[in-house]
Amino acid sequence: THWKHGGIVGVFGYGGGVIGRYCDQPEMFPGVAHFHTMRVAQPAAKYYHSKFLRDLCDIWDLRGSGLTNMHGSTGDIVLLGTQTAQLEEIFHELTHNMNVDLGGSGSNLRTPEACLGQSRCEYACYNTQDMCYQLTMDYQDELHRPAFPYKFKFKFDGCPNGCVCAMARSDFAVVGTWKDDIKIDQEAVKAYVAGEFAPNAGAHSGRDWGKSDLQKEVVDRCPSQCMKWDGSKLSIKTADCVRCMHCINTMPRALHIGDERGASILVGRQGPRG
């Protein structure tokens with residue numbers, strides 16, 4: 001393409017957070033001779049006050065292109081397109097006036113990212129926001145001063161539903177789970193079978209899918225075949241359960257995660273990029 005990616009450009013004291021981009025025809029297109037990207041650290045689980053968003057957009061309208069990405073693959077706020085001369089000005093306003101830092105970029109630790117966890121989700125098995133915040137504070141140097149041969153990502157999923165895709169998109173994934181039995185309300189199971197409750201919390205109610213079939217839609221779809229329905233009682237063999245969440249998502253009024261909750265830590269990547 002006509003865009004060059006690279007070159008040493010950034011803010012004083014930081015090696016990460018700014019991605020240098022240049023047009024290869026600056027004489028013909030002087031307005032985009034520089035079109036640098038700035039990554040801004042997102043708040044835990046991406047909860048924003050409307051004033052914060054307005055102030056951020058005001059800065060970018062004045063000193064950048066006005067184009068934003070909420071959010072990039074790493075999880076950061078991505079501010080697309082500004083000139084080299086504006087970088088320090090933007091950095092000063094972000095850090096001094098808005099109390100927000102740049103995110104990670106380059107061959108270093110990327111900004112840790114978490115799902116909304118226990119602040120909103122009944123399935124969260126640990127405090128994702130607190131863990132994400134603590135590791136962000138612990139690894140500030142690695143975020144801003146690249147020292148690795150390649151990027152490294154922490155991501156925190158509160159449960160196996162994986163709303164931030166921690167296992168697929170990070171090198172250090174923390175995924176919430178539980179050790180005891182899935183809690184079963186047998187009367188609610190019968191209500192699903194009878195059609196009194198809509199499966200998937202009504203998410204698929206826009207079309208006539210026919211009567212819900214517990215055997216076909218839940219039991220037979222269990223990846224470890226740990227479930228059994230005898231027509232009046234649903235049973236689950238906990239030792240074989242792989243915590244895929246399918247049964248719980250399909251029948252949330254009948255099934256719920258266990259009480260002995262914690263997290264699994266998975267280290268390593270599935271491929272060279274992500």
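The values are calculated or read from the model by the stated rules, or taken from the named source; none is laboratory data. These numbers were taken from a predicted model, which means no experiment stands behind them. Neighbour counts run over all protein chains shown; Cβ positions are idealised from the backbone, glycine included. For accessibility, only protein heavy atoms count, side chains too; no ligands or nucleic acids. Shrake-Rupley method; radii C 1.70, N 1.55, O 1.52, S 1.80 Å.
Quick one: which of 118-125, 256-263 comes out on top by average Cβ neighbours within 10 Å, and what's the full order, highest first?
118-125, 256-263
Quick one: accessible surface of residue 107, probe radius 1.4 Å, all protein chains present, in square angstrom to the nearest 10.
Ignoring ligands and nucleic acids, residue 107 comes out at about 50 Å².
Ratio to report: Rg/Rh of the stretch 17-132, with Cα atoms as the point set and Rh obtained by the Kirkwood method; give two decimals.
For the stretch 17-132, the value is 1.04.
Going by average Cβ neighbours within 10 Å, how do the peptides 210-217, 36-43, 130-137 rank, with the highest at the top?
Listed from highest to lowest mean packing, they are 36-43, 130-137, 210-217.
Which angle between 0 and 90 degrees, to the nearest 10, do you get for helix 50-63 versus the longest principal axis of the chain when only C-alpha atoms count?
Its long axis makes an angle of about 30 degrees.
In whole Hz, with x marking every Gly and Pro, tabulate ³J(HN,Hα) for the stretch 158-172 from phi via Karplus 6.51 cos²θ - 1.76 cosθ + 1.60, θ = phi - 60°.
x, 8, x, 4, x, 5, 10, 6, 4, 5, 7, 10, 8, 9, 10
To make sure I understand the rule: partners must be aspartates and glutamates, Cα under 20 Å from the Cα of residue 216, and not fewer than 8 residues away in the same chain. Which ones qualify?
Output for residue 216: 185, 187, 196, 208, 230, 240.
Mind giving me the nanometre distance, one decimal, between the label points for residue 267 and residue 249, set 7 Å out from Cα along Cα→Cβ?
In this crude label model, residue 267 to residue 249 measures out at 2.9 nm.
Enumerate by residue number the chymotrypsin sites (Phe, Trp or Tyr not before Pro) in the stretch 173-274 meeting two conditions: DSSP loop (anything except H, G, I, E, B), and at most 15 other Cβ atoms within 10 Å of the site's Cβ.
Here the sparse-neighbourhood loop sites are 209.
Along the charge dipole of the chain, Cβ charges K/R +1 and D/E -1, which of 188, 178, 223 sits furthest on the positive end?
223
If you stretched the chain out fully between residue 8 and residue 225, how much longer would it get, using 0.36 nm times the residue separation minus the C-alpha to C-alpha distance?
Separation in residues times 0.36 nm, less the Cα-Cα distance, equals 72.7 nm.
I'd like the Kirkwood hydrodynamic radius of the stretch 1-80, using the inverse of the mean 1/r over distinct C-alpha pairs, in Å.
That comes to 13.9 Å for the stretch 1-80.
May I ask for the distance between the Cα centers of the stretch 203-255 and the stretch 53-82, given as a whole number of Å?
43
What is the extension gain from residue 98 to residue 49, computed as 0.36 nm multiplied by their sequence separation minus the C-alpha to C-alpha distance, in nm to one decimal?
16.5 nm
Can you tell me the dipole magnitude for the stretch 135-274 around its Cα centre, using point charges on the Cβ only (Lys, Arg +1; Asp, Glu -1), in Debye to the nearest 20?
460
Please get the size of the charge dipole for the chain, origin at its Cα centre, with Cβ charges of +1 on Lys and Arg and -1 on Asp and Glu, quoted in debye to the nearest 20.
Here the chain has a charge dipole of around 600 debye.
I need the fraction of alpha carbon pairs in the stretch 183-256 separated by more than 21 Å, rounded to a whole percent.
18
Reachable lysines from residue 151, Cα under 24 Å, same-chain residues fewer than 8 places away excluded?
In chain and number order, the partners are 4, 46.
Using Cα atoms only, what is the angle between the long axis of helix 128-138 and the major principal axis of the chain, expressed in degrees (0 to 90) to the nearest 10?
30
Please list, or write none, the lysines whose alpha carbon is within less than 24 Å of the alpha carbon of residue 179, excluding same-chain residues fewer than 8 places away.
Straight-line reach from residue 179, under 24 Å: 155, 228, 233, 237.
When the chain is fully extended, how far beyond the present Cα-Cα distance does residue 61 get from residue 145, taking 0.36 nm per residue of separation?
27.4 nm
Determine by what factor the alpha-carbon radius of gyration of the chain differs from 2.2 N^0.38 Å, reporting the quotient.
1.26
Among 90, 214, 167, pick out the residue whose Cα is farthest towards the positive end of the charge dipole of the chain, where Lys and Arg carry +1 and Asp and Glu carry -1 on C-beta, about the Cα centre.
214
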